[in-house]
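**Student:** To start, I am sharing the structure in question, which I have written as structure tokens.
The values are calculated or read from the model by the stated rules, or taken from the named source; none is laboratory data. Every value quoted in this text rests on a predicted model; they were computed, and no experiment measured them. Cβ placement follows ideal geometry from the backbone for every residue including glycine, while neighbour counts extend to all protein chains displayed. Remember, those area values only see protein heavy atoms, side chains included, never the ligands or the DNA or RNA. Shrake-Rupley method; radii C 1.70, N 1.55, O 1.52, S 1.80 Å.
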Amino acid sequence: MRSNSIILSILVSCLMISCADQGASSSGVKTSELAGKADPAPINYEIQTVADGLDHPWSLAFLPNGDMLVTERTGKLKRVGKNGKTDLVHDFTTGEPHPTVHFGDGMQAGLFDVVLHPQFESNSQVYISYAAHQGDQNSLLLMRFRYDDGAAPRLSEGKQLFAASPARVQGNHYGARIQFLSDGTLLMPVGDAFHFREKAQQLDTHFGKIVRLNDDGSVPADNPFVDREGALPEIWSYGHRNPQGIILAADGRVFAHEHGPAGGDEINEIKPGVNYGWPTVSYGLDYSGGRISPFEARNGTEQSLVHFTPSIAPSGFAQYSGEAFPDWQDDLFLSALVLKHVRHVEMEADGSLGKQTELFGELGARFRDVRTGPDGYLYLLTEDKSGPVSKILRVVPKRP
């Protein structure tokens, strides 16, 4: 009877999931490892509102002067000043002169990540990912632009560097975060498009992969599948579901987290040529309540460092590096959507992942992104589904 109660509890959690996020459970204090929850952390911080009135914000990038570029999934790139003043940089819904953003209610499609080139101060280049119309289908694009600052900021010199193949009609599971590596190449996850999860194990498609590109969109000669017949040369790793956070850690390792279905969210260390198992290996349950796979481990697949069942619906990802919160130094932070908190995962001295706690749950907000600011504070993007009422928040130490 006890096992039946556990299964019933999981199924109830599954029914509470937001279909638009494909993997989340109800919020609350940790009751067991099964619940995928953690204890709340002490409130030793204060929350300041930097800007509000944003519409489905997805990502932010800090400019050298401390201003921010913010993407709204509904299709607009904005500049937000340190004083909260907001200016439109580019509207991707117009289709001029670039492919039109693909967005619709109830979908996960839209305008996604914005990242500065490592040499931004000399070349002014920004990289933007988004779901774009391709006839009656759509595909995840990676675009490069020149950012022109000033009273009327704008993008120019747009160039398409990558389009995920094949195109699809579905509006789910894009991945789309961008992370530059120390060698100047970049990684970008591509989700499994939800309906094509078996293709995550096939090397002739981008679905369920992390791709690695040079900064001009060409394929690095040392990618692991460059010389394999039938494999797409951009592929860096495979067997992913929907990675929405990827970071280059201070010690040089690459970490990514990804959505499971009704459980089975993961944090992985990403290595070239490695198979991360989806969907042949998973700790998660499908939305029907059945197991995704009978295997939680198999030869030839990599185990996750951490998994969450039921899912926490991870979105943004950051490693803290600043002086404002010395106890957080090098720790990992995952913004969570339906669970409405930021998951704090401590980094141990040996590089392993340790204790977890929940932060900012008292705000009752969906958190779409989390970043360390150049001022050493933590910055959060909230996401309100009801319209243009989302915020950029700054977390500062609590005053004595």
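**Student:** Filter region 226-250 down to the residues that are assigned to a loop (DSSP other than H, G, I, E, B), out of contact with any Gly (no Cβ under 7 Å at 6 or more places or on another chain) and touching a residue at least 40 places away in the same chain (Cβ under 8 Å), then identify the one that is least open to solvent (accessible area, probe 1.4 Å).
**Tutor:** That would be Ala249.
**Student:** Here is a list: Asp67, Asp52, Asp87, Asp91. Which entry is surrounded by 13 or more Cβ atoms within 10 Å (Cβ to Cβ), closer than 25 Å to Ser139 by Cα and either touching a residue at least 12 places away in the same chain (Cβ under 8 Å) or touching a strand residue (DSSP E or B) at 6+ places or on another chain (Cβ under 6 Å) (or both)?
**Tutor:** It is Asp91.
**Student:** Surrounded by 17 or more Cβ atoms within 10 Å (Cβ to Cβ), at pLDDT 95 or above and within 14 Å of the chain's Cα centre (by Cα), is that true of Val342?
**Tutor:** The answer is yes for Val342.
**Student:** I've got another one for you. Looking at region 209-225, which of the residues that are of a type in the set (D, E, K, R) and over 15 Å from Tyr127 (Cβ atoms) is most open to solvent (accessible area, probe 1.4 Å)?
**Tutor:** Asp222
**Student:** Right, here's the next one. Mind checking which residues of region 275-307 are in contact with a Leu (Cβ under 9 Å, 6 or more places away or on another chain), assigned to a strand (DSSP E or B) and either open to solvent by less than 20 Å² (accessible area, probe 1.4 Å) or touching a residue at least 40 places away in the same chain (Cβ under 8 Å) (or both)?
**Tutor:** Answer for region 275-307, where residues must be in contact with a Leu (Cβ under 9 Å, 6 or more places away or on another chain), assigned to a strand (DSSP E or B) and either open to solvent by less than 20 Å² (accessible area, probe 1.4 Å) or touching a residue at least 40 places away in the same chain (Cβ under 8 Å) (or both): Leu285, Val306.
**Student:** Now, a different point. In region 378-400, what residues are open to solvent by 70 Å² or more (accessible area, probe 1.4 Å) and of a type in the set (Ser, Thr, Tyr)?
**Tutor:** Within region 378-400, just Ser386 meets the criteria.
**Student:** Tell me, which residue of region 102-119 that is open to solvent by less than 20 Å² (accessible area, probe 1.4 Å) and more than 18 Å from Asp369 (Cβ to Cβ) is modelled with the highest pLDDT?
**Tutor:** Among those that are open to solvent by less than 20 Å² (accessible area, probe 1.4 Å) and more than 18 Å from Asp369 (Cβ to Cβ), it is His117.
**Student:** Also, quick follow-up: Search region 120-158 for residues being among the hydroxyl-bearing types (Ser, Thr, Tyr), free of Cβ contacts under 8 Å to residues at least 60 places away in the same chain and over 24 Å from Glu383 (Cα atoms), and hand back the single one that is most open to solvent (accessible area, probe 1.4 Å).
**Tutor:** Looking at the filtered set, the residue picked out is Ser122.
**Student:** Looking at Glu198 and the list (1) more than 30 Å from Asp350 (Cα to Cα); (2) in a loop (DSSP other than H, G, I, E, B); (3) in contact (Cβ under 8 Å) with a residue 24 or more places away in the chain, which single condition is not satisfied?
**Tutor:** Every condition holds for Glu198 apart from (2).
**Student:** Can you give me the number of residues within region 93-131 that are part of a loop (DSSP other than H, G, I, E, B), farther than 15 Å from Leu77 by Cβ and acidic (Asp, Glu)?
**Tutor:** 1
**Student:** Any residue at all in region 40-51 that is touching a Gly at 6+ places or on another chain (Cβ under 9 Å), at pLDDT 95 or above and not small (Gly, Ala, Ser)?
**Tutor:** Checked region 40-51: at least one residue is touching a Gly at 6+ places or on another chain (Cβ under 9 Å), at pLDDT 95 or above and not small (Gly, Ala, Ser).
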